[in-house]
Structures are given as structure tokens and as C-alpha cells.
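The structure under discussion appears below in the form of C-alpha cells.
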Amino acid sequence: MANPAHSATSAAPGHDEGETRRDFLFLATAAFGAVGLGSAIWPFIDQMNPSADVLALATTEVDISPIAEGQSITVKWRGKPVFIRRRTQAEIEQAAKVQDSELPDRQADASRVKKPEWLIVVGVCTHLGCVPLGQKVTDPRGDYGGWFCPCHGSHYDTSGRIRKGPAPKNLDVPDYVFLSDTNVRIG
Amino acid sequence: MNAPEWKNPVVRWIDFRLPIFSFVYHELGVYPAPRNLNYFWTFGSLAGIVLVIMLASGIVLAFNYTPHATMAFDSVERIMRDVNWGWLLRYIHMNGGSAFFIVVYIHMFRGLYYGSYKYPREILWFLGVIILLLMMATAFMGYVLPWGQMSFWGATVITNLFSAFPLVGESIVTWLWGGYSVDNPTLNRFFALHYLLAFVIVGAAAVHLWALHVQKSNNPMGIDTKGPQDTVPFHPYMTVKDLFSLSVFLTVFSMFVFFAPNFFGEPDNYIPANPLVTPPHIVPEWYFLPYYAILRSIPDKLIGVLAMFGSIFVLFLLPWLDTSRVRSGTFRPAYKKLFWVFVVDCIVLGYVGANPPEGYFLILGRLATIYYFFHFIILLPLLGWFERPLPLPTSISQPVLGGRTAATARHMEKA
Ligand code: HEM
Ligand code: FES
């Protein structure tokens, strides 16, 4: 409207309407273009997410019958170690009697296991992803008898819960089902 | 200052259509350099040459390298044992990475001491910080390629830094990995990006030089050049100086490549990557140690990550944090001392980063981290108000040649 040529002609009926129609077309085109561009960019970003073949390998079956009380094994699931520990009675009691107030990431032991004897957790430190020590009999198990991460000094208890050190969360519990008394499927 | 009349007819034919010879003549021939530049001003051109060495050695390594989780380690061993001169090319590239950071860190401390980040060179400084960030990303991804234990666990720990961000953190990490752990998809994309980013650095360096040639070089006195009596033509004065530096650099570099090629390396990286076993001591390459120390000295994961990135981003604010109008440390009695305290602080951080974060090292790391930020955020702004700078010389030629008249006389004589 600042343009004098415009204001001279704007008196003509219907011209104002033309002006808004043009604005509308402009906005609609821009919006259409933005949505189009956005949906065209998405494949370029999403291609970096896990592909179908990676997702297809997402379950692992394990025979747990050879594991004696007090022993642990490590299995590979989705490229990561999973710790399966057959806990002793003492370890189960130790994990159960801990008060919530002592835990940086509050979780009852009962909510972290399906059968108290079997603790199944992802063996990846929740700080920056190292594999904690404690699977071998000769390994240090930290101040709480579970696992110890040597990278920056995180201590986990016999329920895989963080007790001391920089890690913010408990060791993850993966999805799993007992297919039978001696078989678990992880994932 | 017009381009010379090119005598060679071919040169003249080309230059008329694309003035590339005139461009080189202006920017590298008669380009006026302050006459008092010292050897610290040769590290920029050194960095450029190291970049060329990295590109050349990297491209021929890529001819022989296989970016696959099951083959990468073996392909690097094949380069070392079977490929003609492969050991030399790899050692050049490996040590070249370290050399690149040494040269660039000296180049940056030079800028800090002489106030090269101040008006009117702020954008030049920003471009430098951007190049540093690109170099860090490139070197990090390059270190992953040999797929040894340090490659794998370095990649795991560093990518996991992003999991510190609330809500989106975990998804970002999965997205970076292309899976649920560092694996083949990660290696593949890191190789592509390592190749690409090196050339992005070339582009950033070109723009960095463009900005330099607009406002021209700072100098050890930090005062503006006032005319031809304060400058010398780049060629032959600076070309010769740069070449001398280069020859010293290449001598030291060759000593490492031929006599101590694994001096900067970690023996654990000659063990193939094993996703189920973390090596007992994960240490990054030496040039990342100070940042690693900052990360670990803070007990909270998110704040630790933010502090680590913040230690670089604070460099973007530097032109405004330093409130003193005087550029060169030569004329700033207090800043001159604090500069060296800061250098020592960075070295202490590096030393702490190389050691486990326990007991004495933890305390030292915390103090050094606090001082790092204290220097930039508290000391520098206050110093501009409280410090009394020494009187500045009226021109560059005055103290060099003992008086303005002498300088003009000399200049007249030459002309
Ligand atoms: C900006 C400059 C560059 C830097 C700072 C850099 C840094 C690095 C580093 C630190 C390594 C690990 C060396 C080791 O431990 O073995 C590496 C490996 C590698 N880089 Fe680069 N690089 C650069 C440019 C390039 C370019 C342009 C290429 C060309 C494609 C390249 C290709 C490779 C390859 C194939 C490897 C794996 C082989 C090996 O481990 O020696 N790099 N790079
Ligand atoms: S990764 Fe385990 S403590 Fe840092």
C-alpha cells in the first residue's frame, strides 16, 4: 500500500480481494513447499536409525541350565553384553533389604527380577557405556557386591542398581520371558 | 597496486579470462605483512601444509582400507605389512593427526597472547574455533577406523555423551550408532564422515584466510600498521620464514614417523575391537585429554558434558569477555602473567585427563576445571578495568628502526 501506484488503483472494486488472494496463494505455496521439503529431508535423517536387518536380530535365546548358584554368564544381545546371574540366597537378601532412601535411582529388587534367583541385566554402564567388571570370579565387584565399572568408578549392587559413582541409573533390565525353567528369550 | 603486465603469452591469455595469476600475486606475493612478525606467525601456514599431508596420506590409505566391522582391523594390518610403503603412509597419517593438533594449539595460544581475536578480527577467530571443532570431529572418527579396542571403546564412550541430554538423549545415541551399540553401521558412516569432514576443513580454512586477508595480520605489538614503512611484502620475506619453520617441523615430524611412530598411540589399539570387554584404562588421544579431564571432574553426567562442550564454546565469547582494548600481552603486565598461568592450567588438565579420576587427581582436576572457566568468565572481563597497560608505541617501525624519521628515510632510500 506504500506504493502510490497501488493506492491509485486500489479504489477499483475487487482489487483488494486480488491482493488477499495473492497473499493466500503465496502463504499456501510456502507452506506446501515447507511440508514437501520437510518430508523429503526425513528419509535422509531416518536412514541413520537402526535398519530392518538390525531390528531383526533383536532377540536371543539362552539355555540357563548349566549356570550354578553364584555364577554368571554374559550373552550378546543387540551387540551388547547381557549379564545373567544366578544369585545366592545371601545376594537376594542383600538386594531386598536395601531402603529406597539409599538408592540414587529408586527401584525395588522385586520389580527388577521375574524369579528372585535370576538377575538379568544389560551389562552396559549407564554412565558412558563401558562393560562393568564382576562377571568372572576374579573380578572386583565393587563396594556393594554386584559390579564395578572401572572406566569412571561406578559401583552396582546385587540387583544391578547404581549405588556409588557417576552413573545416573540402574543397569537396564531387558525384556525377557522364561520359555521354560531352563530357557529364556531376551528381547 | 595493479597486477603486473604478464610477459608470458599463455599466462596473459589465462589471466585475462580467469585472473588466477594476479590473485596469487596479490595474496601471496605483494600482500603486506607487518615487518615485526615473529616465528609464532608461521604456524598458520604450517597447519595448512599439515592439512595437505593429511589429505594426501588419507586418500591413499582409503585406497587400501575396508570400512567393515569384520574387515577393518585386518585391512589396517595389511596396510602395515603387505601394502607397498603402507607402514609409512599410515605412520604419516597417525602422527600427522597429533602434529596437526600441536601446530593448531600453538597457533591458537599465539592468538590468545597477542589478542588476535579482538576487533576487527572476531570473525577470523570464530572461523578458527569452527575449524578446531571440525578437526576434533574428524580426528575422533578417524581414530575409530582401525577398529581396535581403543577405537571401539573411545567411540562408545564419546557417543554416549549425548545420552546425557534429557528425553531425547537415548534416541540420539541410537540414531548416531544406527543400532543398539557401536557396530558396523557406525563404522561405515564414520568412514564416510571422516573423508567428508577433512574437505569441509579445507573449505573453512579458505574462508578463514579470506577473513585474514580482509583485515590483514595482527602482529607482536598488537597495533595497526600505519603505512608501507610498517610492512614488508609477503614474498620473499614471509615465504622464506615459513619455509624455514617448515623444515624444522619436518625434521621433528620425521623423527617421530621413523623412530617413534607409536609414541602418541595406545598399545590397546592393536587388539581387535571386542564389544564384550572394556579395556581397564580408556584414555583418549592426548589432544583430547584436557576436555576429558573437565568431563570427569564433574560428578553430574549432564553438567559434565555441558562443561566439556562449554570449554570450547567459551572461545566464541572471548572477543567480548576480554574487555581490554590493548591487543598484545607485551603491553599488558597482568595479562602476560595470567596467560602463562592459563597455559599451565591447560597442561595440568591434560595431565589429569591421562590419569584415573581418583583421590589426588580428582581434586587437582576439579581445581584446574574451575580455574579454566574462572580465567575466561571472571578474570578477563575484570582485567580490562583494573589493569594499567604500558604505553603503546606510536607505530610498528618506530621501535624497530629507532624513530619515525629513520624509518621513512630507509623506506625512501629503497623506493
Ligand atoms: C583433516 C585431516 C585429518 C585428520 C585430523 C585425520 C585423523 C585421523 C586419525 C587420528 C586416524 C587414526 C589413525 C590410527 O590410529 O591408525 C585416521 C585414520 C584414517 N584416516 Fe584420517 N584424518 C584426516 C584426513 C583424512 C582424509 C582426507 C582421508 C581420506 C579419505 C582419511 C582417511 C583415513 C583412513 C582410511 C584411516 C584409517 C586407516 C588408519 O587407521 O591408519 N583421513 N585419520
Ligand atoms: S562408563 Fe562406567 S563409570 Fe563411566
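Cross-link partners of residue B:241 among lysines, defined as those whose alpha carbon lies under 19 angstrom from its own and excluding same-chain residues fewer than eight positions apart: B:216. Accessible surface ranking for A:23, B:183, A:157, B:82, 1.4 angstrom probe, highest first: B:82, A:23, B:183, A:157. Estimated at the nearest 10 Å², the accessible area of residue B:31 is 10 Å² with a 1.4 Å probe.
Along the range A:125-140 the Karplus relation, 6.51 cos²θ - 1.76 cosθ + 1.60 evaluated at θ = phi - 60°, assigns HN-Hα couplings of 4, 6, 6, 10, x, 6, 8, x, 8, x, 7, 8, 4, 7, 6, x Hz to successive residues, with x for each Gly and Pro. Give me the mean projected area, in nm² to one decimal, of the convex hull enclosing the Cα positions of chain B. It is 24.5 nm². Placing a pseudo-label 7 Å from each Cα along the Cα-to-Cβ vector at residue B:334 and residue B:360 gives an inter-label distance of 3.4 nm.
Projected over all directions and averaged, the alpha-carbon convex hull of the range B:200-304 occupies 12.7 nm².
Ligands, DNA and RNA excluded, the heavy atoms of residue B:375 present near 10 Å² of accessible surface to a 1.4 Å solvent probe.
Over the Cα atoms of chain A, the radius of gyration divided by the Kirkwood radius equals 1.42; this is the Rg/Rh ratio. Full extension of the chain between residue B:281 and residue B:192 yields a length gain of 29.2 nm, computed as 0.36 nm times the residue separation minus the alpha carbon distance.
Choose one answer from B:202, B:144, B:11: the residue with the largest mean-square fluctuation in a GNM of chain B with alpha-carbon springs under 10 Å. With Cα springs under 10 Å in chain B, the top fluctuation among B:202, B:144, B:11 is at B:11. What residue among A:64, A:162, A:41 has the largest mean-square fluctuation in a Gaussian network model of chain A, using Cα springs under 10 Å? Result for chain A, Cα springs under 10 Å: A:41 fluctuates most.
The length gained on full extension between residue B:232 and residue B:137, counted as 0.36 nm times the residue separation minus their Cα-Cα distance, comes to 30.4 nm. Give B:226/B:336; A:80/A:169; A:169/B:301 a once-over and call out the pairs whose C-alpha atoms are over 20 Å from each other. Cα-Cα > 20 Å for B:226/B:336; rest within.
Kindly express, to the nearest 10 degrees and within the range 0 to 90, the angle between helix B:43-64's C-alpha long axis and the longest C-alpha principal axis of chain B. With rounding to tens, the tilt is 40 degrees.
Here's the picture: a label point sits 7 Å out from the Cα of residue B:199 along the beta-carbon direction, and within the range B:91-113 nothing has its amide nitrogen under 19 Å of it. Only helical runs count toward this figure. For chain B, summing -39,500 (n - 2.57) over DSSP H runs of n ≥ 4 and dividing by all residues gives -21500 deg cm²/dmol at 222 nm. Close amide H partners of residue A:133, meaning residues 5 or more places away or on another chain with modelled amide H under 5 Å apart, are A:148, A:149. Inter-chain neighbour count for A:119-131: the average number of beta-carbon atoms from partner chains within 10 Å of each residue's beta-carbon is 5. Inter-chain neighbour count for A:148-155: the average number of beta-carbon atoms from partner chains within 10 Å of each residue's beta-carbon is 4. Taking max minus min of the alpha-carbon positions on each principal axis, the range B:162-219 gives extents of 50, 27, 15 Å, largest first. Ligands, DNA and RNA aside, residue A:137 has an accessible area near 150 Å² when probed at 1.4 Å.
With respect to chain B, whose longest principal axis is taken over its alpha-carbon atoms, helix B:149-160 is tilted by about 80°.
The interface between chain B and chain A buries about 2200 Å² of solvent-accessible area in total (1.4 Å probe, ligands and nucleic acids excluded). Largest accessible area first, the listed residues B:90, B:17, A:78 line up as B:17, A:78, B:90 when surface is computed with a 1.4 Å probe on the assembled protein chains.
Between 0 and 90 degrees, rounded to the nearest ten: what's the tilt of helix B:184-215 against the longest Cα principal axis of chain B? Orientation of helix B:184-215: about 10 degrees from the principal axis. Once both labels are positioned 7 Å from their Cα atoms along Cα-to-Cβ, the gap between residue B:109 and residue B:38 label points is 1.3 nm. Residues whose amide H lies under 5 Å from that of residue B:35, counting only those 5 or more places away or on a different chain, are B:231, B:232; hydrogens are built 1.01 Å from N in the peptide plane. Along chain B, the longest continuous region that contains none of the GluC sites (Glu not before Pro) in a DSSP loop with at most 15 other C-beta atoms within 10 Å is B:6-357.
The values are calculated or read from the model by the stated rules, or taken from the named source; none is laboratory data. Everything numeric here is computed off the predicted structure, so don't read it as measured data. Glycine gets a Cβ as well: all are built from the backbone with ideal geometry, and neighbour counts include every protein chain shown. These accessible areas exclude ligands, DNA and RNA; they are computed on the full protein's heavy atoms, side chains included. Shrake-Rupley method; radii C 1.70, N 1.55, O 1.52, S 1.80 Å.
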